[in-house]
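Undergrad: Below is one structure. I have some questions about it.
The values are calculated or read from the model by the stated rules, or taken from the named source; none is laboratory data. Fair warning: this is a prediction, and the values are worked out from it, not measured in the lab. With ideal geometry, Cβ positions are generated from the backbone for all residues, glycine too; neighbour counts draw on all protein chains shown. Side chains included, ligands, DNA and RNA excluded: accessible areas come from the protein's heavy atoms. Shrake-Rupley method; radii C 1.70, N 1.55, O 1.52, S 1.80 Å.
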Number of protein chains: 2
Amino acid sequence: MGRFHGRSTTVLKPKTTQEVSEILKWCNERCIGVVPQGGNTGLVGGSVPVDNEVILSLANLNKVRSFDPVSGILVADAGCILQMLTDYVAPHNHIMPIDLGAKGSCQIGGNVATNAGGLRLLRYGSLHGTVLGLEVVLPDGKILDQLTTLRKDNTGYDIKQLFIGAEGTLGVITGVSILTPPAPQASNNVILALPSFDNVLPLYQTVKRQLSEILSAFEFIDRTAYDLAVKHGQGRALSDEDVEGAECFVLVETSGGRREHDEEKLNDLLELLLTADKPLVNTGVMAQSPAQFSSLWALREGVTEAVSKEGKAYKYDISVPLSSFKEVVDNTREHLLSKGLLHDKAVKFVLGYGHVGDGNLHLNIVADSYLPEIEEALEPYIYEVVSSHRGSISAEHGIGAMKTHALPYSKSAISIELMKKIKEVFDPHGIMNPGKVLE
Amino acid sequence: MGRFHGRSTTVLKPKTTQEVSEILKWCNERCIGVVPQGGNTGLVGGSVPVDNEVILSLANLNKVRSFDPVSGILVADAGCILQMLTDYVAPHNHIMPIDLGAKGSCQIGGNVATNAGGLRLLRYGSLHGTVLGLEVVLPDGKILDQLTTLRKDNTGYDIKQLFIGAEGTLGVITGVSILTPPAPQASNNVILALPSFDNVLPLYQTVKRQLSEILSAFEFIDRTAYDLAVKHGQGRALSDEDVEGAECFVLVETSGGRREHDEEKLNDLLELLLTADKPLVNTGVMAQSPAQFSSLWALREGVTEAVSKEGKAYKYDISVPLSSFKEVVDNTREHLLSKGLLHDKAVKFVLGYGHVGDGNLHLNIVADSYLPEIEEALEPYIYEVVSSHRGSISAEHGIGAMKTHALPYSKSAISIELMKKIKEVFDPHGIMNPGKVLE
């Protein structure tokens, strides 16, 4: 995003867990702050120093430690790049349980530290379920070895869970044991144009019922987001006529074990949808080739790029009830209009897209340039809206340095007090990633 | 099991979270121990007082708070019985993500507190993934409200995870928010007789590849366990001829969205297995009716009952690498033989069964009666074996009062030290379920 710039001058690149241990011990004794850094692809400044901390790069801890093709359990150094691991397990017909846009640069340790969500969460669940074990260097240099390859282990508190999503504030993850699912044999997708947002929820229910275990994504794109993606070069899967009168779009993906079965299910779904008395969709297009499959996904994934070409974006990654997706986007637009900020020289677009299955809305406000009055109009406004829905101010991007002040909108005072006590237990000198997560 | 008897004289049955809060506050101020009790179906004495603690029954907190049929998210009081919740979501075509033998008595709060595994873990993952939120009363009476219905929420440390599997030693769970999966439209199963244990792992790989996302159980039963189940009344799915020369058995279950597709996959699998040049199985029988489906499951589930009819059982619920299942059972038998304890008046049978997909072996030693010399021969022997495999001494049953001394076989000194510090943060007066999990 280019919004965060570190001031650190020292980057250390240890090659072993032992070296990480020695660095932390040294820093801890001298109360020197340490910022663990993976692929540095985060969006909330979590891996950027706020002062002159030492940067600890995990890039040289980059070996696969073991892979068991029977159980699908992979054990890897924290610095392994996600794409590299995806490639590593592919010949064994397995896939990583997470996938995200930054896969070419992000590291598995960073994924775990930030509890990355991504495109496969609907199907394979969160890292709290798929991560089986961790090796973590604690701030005092002790090595916490919980790098088991057990799917089930009920022996005391599941401490490793605390490091999942702690954004490097409790210790440095150096190794990850993770369950990789069998690769689906066939994938397909379909894009659907909906006359009204009100149809999204009944559509989601119908799709879940019809596709059952082969449903792997159900992504929502509002009209503004769709038009921007098309404007900036994404192919038109739908004709002008198809798009006319469409208020929003849904991309459905299937992944299953047998192509003919999966296509039959998807065809039956489309037929059911299009021949209904009161159809939930105007039209739908199913990918007929791998190229078209990619091009439908590019529509969804191209929104991010289109937004960045169009101007400067304020991006909010929130969880709210599915039924409120449109209301939140519309109300934000109205709110900016009422502040006189919705015009060519201020906010140009307010748009929403996201993972319906996960209740995760990406709300983007695209402006001509970053302006203090826009920021003031947006915050705490959006956080208050989220809080009123008992939602999350950060569904998958984390807190980092950027949202520490906003934590109380999603977590109670009692929760935050417990977090601070836990931080004190693990990191009494406060050297781990200072200024992140907790103020 | 009848091995644990409490000495408490006071049972409190609060009706609201507020009442739980008042009870804990009162006990905390007076340093009076409290034992939370759900359905009291645990196997390791986790809900039984060790001294004269107050028993806090959750039985009267038994209302469903909300269910959203679109997302499948259920919010319920901790005292709701698992079977009741299963029945509650059934008309909406959803199922609970856990299922276990005790479902008619066990409560969802107890399931979460003990991180219950059960029969659906292979398919739906652990409670660390499916539990979305918790309401917990802390020992000082404060109510920690993390009862969100969000699938994604990356705002700070995921503290609720600590209560999953803490067995009531950190606080009292009063409410649970949980993701319920859509009900499969069709289920089927098949029992396979294997000439050799060595075939189990290649079979597991073949089955996973062929059945992919519809595989919902892969259960292992050794010959001794099978014979005992049959002896004690379970129907013979397989003829004498089928069973001859079989070293072990595997029960495979499928659950999917469309019966004809699923049966086609299962038929193709059987054909592949039986027509191979070097078949992995001697024979296989697929259920042809709901009655036969139940009867195949009864073979697997009947092992427990058969064991209890046959004598007194020492039960170990361990995680070890799949490849070591047989070795662990055989070595235990040899070990008992070498101690002169394998005869009619001491140990009669040593048998193993369990969840291959989860790496979870139930090792049962069936004796004529409980004898100190048997216990001495078994412990720490079995814990040492598990430790040498970096396994878990308690895969799904927990630590309770019974295994606190054995915790170091599965968890390092650093892990246990952190657990103790966390216990101190949450429960400085040590009132919560004293003597459980940590010594």
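Undergrad: One residue is enough: does segment B:317-331 have a residue meeting the conditions in the same structural domain as B:LYS208 (by TED's automatic domain parsing) and free of Cβ contacts under 8 Å to residues at least 60 places away in the same chain?
TA: Looking for residues that are in the same structural domain as B:LYS208 (by TED's automatic domain parsing) and free of Cβ contacts under 8 Å to residues at least 60 places away in the same chain, one finds none in segment B:317-331, hence no.
Per-residue answers, yes or no, for (1) within 11 Å of another protein chain (Cβ to nearest Cβ); (2) touching a residue at least 40 places away in the same chain (Cβ under 8 Å); (3) not acidic (Asp, Glu):
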{"residue": "B:ALA90", "(1), (2), (3)": "no, yes, yes"}
{"residue": "B:ASP99", "(1), (2), (3)": "no, no, no"}
{"residue": "B:CYS106", "(1), (2), (3)": "no, yes, yes"}
{"residue": "B:GLY110", "(1), (2), (3)": "no, yes, yes"}
{"residue": "B:TYR124", "(1), (2), (3)": "yes, yes, yes"}
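Undergrad: On the given criteria, is A:THR130 within 11 Å of chain B (Cβ to nearest Cβ), in contact (Cβ under 8 Å) with a residue 40 or more places away in the chain and open to solvent by 20 Å² or more (accessible area, probe 1.4 Å)?
TA: no
Undergrad: Of the residues that make up segment A:45-52, is at least one farther than 29 Å from A:VAL307 by Cβ, touching a residue at least 40 places away in the same chain (Cβ under 8 Å) and open to solvent by 20 Å² or more (accessible area, probe 1.4 Å)?
TA: So far as segment A:45-52 goes, yes, one or more of its residues are farther than 29 Å from A:VAL307 by Cβ, touching a residue at least 40 places away in the same chain (Cβ under 8 Å) and open to solvent by 20 Å² or more (accessible area, probe 1.4 Å).
Undergrad: Inside segment A:256-274, can you point out the residues that are open to solvent by 10 Å² or more (accessible area, probe 1.4 Å) and touching a Ser or Thr at 6+ places or on another chain (Cβ under 6 Å)?
TA: Scanning segment A:256-274 gives a single hit, A:GLY257.
Undergrad: Evaluate the following for B:VAL172: is it open to solvent by less than 20 Å² (accessible area, probe 1.4 Å) and more than 10 Å from chain A (Cβ to nearest Cβ)?
TA: yes
Undergrad: Do any helices (runs of 4 or more DSSP H) entirely within segment A:206-302 hold 1 or more residues that are touching a residue at least 60 places away in the same chain (Cβ under 8 Å), and if so, which?
TA: Where helices (runs of 4 or more DSSP H) fall fully within segment A:206-302 and carry at least 1 residues being touching a residue at least 60 places away in the same chain (Cβ under 8 Å), they are A:223-231, A:259-274.
Undergrad: Okay, moving on. If I ask for residues that are within 12 Å of chain B (Cβ to nearest Cβ) and either small (Gly, Ala, Ser) or in contact with a helix residue (DSSP H, G or I) (Cβ under 8 Å, 6 or more places away or on another chain) (or both), which ones from segment A:188-202 would you list?
TA: Hits for segment A:188-202 are A:VAL200, A:LEU201.
Undergrad: Check every one of the strands (runs of 3 or more DSSP E) wholly within segment B:129-204 and list those with 3 or more residues that are in contact with a Leu (Cβ under 9 Å, 6 or more places away or on another chain), more than 26 Å from A:GLY400 (Cα to Cα) and among the β-branched types (Val, Ile, Thr).
TA: It comes to B:172-179.
Undergrad: Within segment A:341-350, identify whether any single residue is touching a residue at least 60 places away in the same chain (Cβ under 8 Å) and not basic (Lys, Arg), and answer yes or no.
TA: Among the residues of segment A:341-350, at least one is touching a residue at least 60 places away in the same chain (Cβ under 8 Å) and not basic (Lys, Arg), which makes the answer yes.
Undergrad: Listed residues B:ALA346, B:ALA395, B:ALA377, B:ALA367; which is within 25 Å of A:PHE163 (Cβ to Cβ) and open to solvent by less than 10 Å² (accessible area, probe 1.4 Å)?
TA: B:ALA395
Undergrad: Please verify whether A:LEU56 is part of a strand (DSSP E or B), facing another protein chain (nearest Cβ under 9 Å) and at pLDDT 95 or above, treating the condition exactly as stated.
TA: no
Undergrad: Additional query: Quick one: what pairs do we get from segment B:14-26, first residue on the phi > 0 side of the Ramachandran plot and without any contact (Cβ under 8 Å) to a residue 40 or more places away in the chain, second surrounded by 16 or more Cβ atoms within 10 Å (Cβ to Cβ) and in a helix (DSSP H, G or I), C-beta under 9 Å, 6+ apart or different chains?
TA: So the pair list comes out empty.
Undergrad: Please verify whether B:THR155 is closer than 30 Å to A:LYS421 by Cβ, within 8 Å of chain A (Cβ to nearest Cβ), open to solvent by 20 Å² or more (accessible area, probe 1.4 Å) and at pLDDT below 95, treating the condition exactly as stated.
TA: In short, no.
Undergrad: Tell me which of these A:GLU247 doesn't satisfy, since it passes every other one: (1) touching a helix residue (DSSP H, G or I) at 6+ places or on another chain (Cβ under 6 Å); (2) crowded, with 20+ Cβ neighbours inside 10 Å.
TA: (2)
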